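The values are calculated or read from the model by the stated rules, or taken from the named source; none is laboratory data. Note that the structure is a prediction, hence the values are computed from the model and not measured. When we count neighbours, we look across all protein chains shown, and the Cβ atoms used for this are built from the backbone with ideal geometry, even at glycine.
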Amino acid sequence: MVINDGPKEACGVFGIFGHQEAAKLTYFGLYALQHRGQESCGIVSADGYRVYEYKSMGLVPDVFTEDHLEGLRGHLAIGHVRYSTCGSSLLINAGPFTVRHGGMTISVGHNGNLINAHLLRRQLEEDGSIFQASIDTEIILHLIAKNMRLGFEEAVIRALKQVKGAYSLVMSTEDTLVAARDPRGFRPLCLGQLNGAWVVASETCALDLVEAKYVRDVEPGEILFINGKGLRSIKPWEGERPKSAFCIFEYIYFARPDSSIFGHNVYRIRKRQGAALAKEFPLDCDIVMPFPDSGNYAALGYTAARGLPLEMGMIRNHYVGRTFIQPSQSMRDFGVRVKLNPVRELLAGQRVVAIEDSVVRGTTAKARIKAIRQAGAREVHLLVSCPPLRYPCYYGIDFSSSGELIAADHDLSYIAQHIGLDSLGYLSLDGLIEATRTEKEWFCLACFNGDYPEAPIEGISKHCLE
Ligand code: SF4
């Protein structure tokens, strides 16, 4: 049973060039990025001549042993943690994805989804390509292989010019590390340095863990080639680059609060979202509590703005994994309680405001509100630190159909009643933008307003390549 019906993470990528312990550092980098994907993980390393690879289903600390890391030799490595947003959760689809072509071994780890993957794959198959997996990442490798007569760098540029949608990539050969970000920059990707070695990662929290110094973000539409000759930056879209479309949901939910992405620290932005909620919903109440951990930072911002104390009305069990055995019908609520348990002595007789970062299907929120009521709360209000999620995401977040979103075809009063609330408030889009202290034009806001920066192509879906 999946315990949380919140939005699911996308993927995380890490790469390093020029360090004796490249694979071990990649292991730690992936550890820091585990929140972005928990289904499978893998590392590919290289020593200038040979490529070494290990990947498996499961979490980073469960998958890799000392022996695996010893076997991953070389000064260059890339790593990937996956949550499936295109293709099923199978080992064949785990990253990094590796092919051998023309005497070269090319591996790719990809965060984001391509919106023209199904069209490109159909075309490639008509031209004779044979695919092993059901992920869009494999298409990038086929497109590179088709252009290899022009040399590796030009082949990468040509391949990336053909794909549409979201990608933050790390790529490796026997002797080169490549990092690339799509021209709109949907997903984050940063560049750092560690004792002369170059490091790239989905989020700065991975740089922090390996003690690399943040240098800058990989720019939207930038491709970095890093090898023995140094670092080369190529910007193939220069002069024709579309407007940026940073995923605002990274700020709300995905990125770790200790990371800085798109130029700002995530913790601070989430606190500002809470402060914006306080301005929009100054509710009369006795207790303000977050749904931990997702609502923690917005709740801190809300209480600080209103001069109220923050209470932890539910306590999280940190030892619960993502899934567990399905409880029988009579034990249905165990699913929620095993993860979060209300503090009865705190909540009994009180008017409670609970704060959460987002509501997807509403089933988890419903069960949690029920638990708060059973603990004796007199009133329960829910404040959500983003607007209602009404439209599916095609760029690598796993709510790819509107059927998964309660706000897609239900109004607020229905949702409040369905969840069992006295009142429900969502942060306005303007409030959300203001909290980011960035221009509205910079962001993708499509899951809130349906305004897709790259129009979804008919036929695209999570399982369209299967
Ligand atoms: Fe992010 Fe939403 Fe845009 Fe998807 S649709 S990229 S989740 S802002």
Pairs under 6 Å by beta carbon, first residue under 14 Å from P453 (Cα atoms) and assigned by TED's automatic domain parsing to the domain that holds A299 in segment 386-406, partner more than 9 Å from the ligand (Cβ to nearest atom) and of a type in the set (A, V, I, L, M), six or more apart or different chains? Y394/I115; Y394/I460
Elements of type strands (runs of 3 or more DSSP E) in segment 223-325, at least 2 residues being touching a helix residue (DSSP H, G or I) at 6+ places or on another chain (Cβ under 9 Å): 223-227, 230-234, 287-290
So how many residues does segment 260-288 have that are more than 26 Å from L421 (Cβ to Cβ) and more than 16 Å from the ligand (Cβ to nearest atom)? 5
Considering only helices (runs of 4 or more DSSP H) fully contained in segment 56-170, which possess at least 3 residues that are among the basic types (K, R) and in contact (Cβ under 8 Å) with a residue 40 or more places away in the chain? none
Among residues of segment 214-262 being among the polar types (S, T, N, Q) and within 22 Å of the chain's Cα centre (by Cα), the residue nearest to C444 (Cα to Cα) is S244
Go through (1) touching a Leu at 6+ places or on another chain (Cβ under 6 Å); (2) small (G, A, S); (3) part of a loop (DSSP other than H, G, I, E, B) for A23 and report which single condition fails. (3)
Please count how many residues of segment 164-173 are among the polar types (S, T, N, Q) and buried (at least 21 other Cβ atoms within 10 Å of the Cβ). 2
One residue from L383, L421 being over 30 Å from V163 (Cα atoms), assigned to a loop (DSSP other than H, G, I, E, B) and more than 16 Å from the ligand (Cβ to nearest atom): L421
Taking the condition of being more than 15 Å from P183 (Cβ to Cβ) and either hydrophobic (A, V, I, L, M, F, W, C) or surrounded by fewer than 16 Cβ atoms within 10 Å (Cβ to Cβ) (or both), how many residues in segment 141-163 meet it? 12
Among what's in segment 231-286 and is in contact (Cβ under 8 Å) with a residue 40 or more places away in the chain and among the aromatic types (F, W, Y), pick the residue that is farthest from E203 (Cα to Cα). F281
Matching residues in segment 175-210 - criterion: being within 22 Å of the chain's Cα centre (by Cα), part of a loop (DSSP other than H, G, I, E, B) and more than 16 Å from the ligand (Cβ to nearest atom): V210
